[in-house]
1. What is the dipole size for segment 14-309, taken about its Cα centre, with +1 at each Lys and Arg Cβ and -1 at each Asp and Glu Cβ, in debye to the nearest 20?
2. Which length gain, in nm to one decimal place, applies between E22 and C130 when the Cα-Cα distance is subtracted from 0.36 nm times their residue separation?
3. Taking the Cα centre of segment 1-154 as the origin, how large is its charge dipole in debye, to the nearest 20, when only Lys and Arg (+1) and Asp and Glu (-1) carry charge on their Cβ atoms?
4. I'm checking a number: the convex hull volume of the Cα atoms of the chain, normalised per residue, in Å³. What is it?
5. Using just the helices of the chain, give the 222 nm mean residue ellipticity in deg cm²/dmol: DSSP H runs with n ≥ 4 each add -39,500 (n - 2.57), and the total is spread over all residues, rounded to 500.
6. Convert 25 °C to kelvin, take the viscosity as 0.890 mPa s, use the Kirkwood radius over C-alpha pairs of segment 65-197 as Rh, and evaluate the Stokes-Einstein diffusion coefficient in µm²/s, rounded to a whole number.
7. Could you tell me which of V95, L308, S233 has its Cα farthest along the dipole of the chain towards the positive end, charges placed at Cβ (Lys, Arg +1; Asp, Glu -1), taken about the Cα centre?
8. Quick one: length gained pulling S193 to V32 fully straight, 0.36 nm per residue minus the C-alpha distance?
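The values are calculated or read from the model by the stated rules, or taken from the named source; none is laboratory data. These figures come from a predicted structure and were not determined experimentally. In this analysis, Cβ positions are derived from the backbone assuming ideal geometry, glycine residues included, and neighbour counts consider all displayed protein chains. Heavy atoms of the whole protein, side chains included, go into the accessibility calculation; ligands, DNA and RNA do not. Shrake-Rupley method; radii C 1.70, N 1.55, O 1.52, S 1.80 Å.
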Amino acid sequence: MDPEVRANRTSVTEFILLGLVETEQLQSVVFVVFLFAYLVTVGGNLSILAAILVEPKLHTPMYFFLGNLSVLDVGCITVTVPSMLARLLSHKHTVPYGACLTQLFFFHLLAGMDCFLLTVMAYDRFLAICQPLTYSTRMSQTVQRILVAVSWALGFTNALNHTIALNTLNFCGPNAVNHFYCDLPQLFQLSCSSTQLNELLLFVAAAFMAVAPLVLITVSYAHVAVAVLRIRSVEGRRKAFSTCGSHLTVVCLFYGTGIFNYMRLGSEESSDKDKGVGVFNTVINPMLNPLIYSLRNPDVQGALWRVLVGRHSLT
């Protein structure tokens, strides 16, 4: 396409994010609720991270990955919520085209990293329970770092591909995004050019980053379930299931909302449902994760208590 023709067609330089609600009274309520949720999420995840860093009992592969998950949760909510709060305060709902793409890039980077990290955590539980004799060598510090680095690299590649592909589309109006952050399905609906290739790319990425990890997680936990059922001690089975139950709960929440959001491309309806799923993905899930991982874990609870009262473990 001729550059001048494309420049004329791509007239949108900013998007209007309509947000969650329209009335000013409800916007005040949303601001307070989301500010509270943001502070709780950041505080909870940073507390988990601090507990893992200061407590020697938690210097294990499982908690190393959990610490990385806490960093991702803080990043995910920080990418979306503070900018929404700023728009509510300023009553300015426009966002520049470049800022919108930047938000989309970091959101998909962190979400993609989440997919792979949850898979790595399932693999860690598989090795710890099914192959305990070789666990320390197969999950050494070097292996842990490589797994996290590869997860970041794959998440970065996925986010970069989507951002570049979206940048090739033409936006010539309207520019109102019926959401509170920039995401692919809503932007596809505003494009003046065909989004078939973009949707195909998203479908392939979903197969690689959602379906494949979910299959690996399912297979890992199928082996774990068989191994746990062979444990004769009731206390041993309870402890094994409790360490896996938290992770499985997080997996179900993460993949359940993600699949619902991205498997309905092309639908012009259900925008309110999309917003609800977006709130779940970016706010509720990151806020619940620290609670899920600490609720039935006495080691984490003890470490959190020591962090809060300023005492370190003596062991």
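1. It comes to approximately 1220 debye.
2. That pair, E22 and C130, stretches by 33.6 nm at full extension.
3. Magnitude of the dipole: close to 380 debye.
4. Cα-based convex hull of the chain, divided per residue, equals 147 Å³.
5. -24500 deg cm²/dmol
6. Estimated diffusion coefficient is 145 µm²/s.
7. S233
8. Full extension from S193 to V32 adds 54.1 nm.
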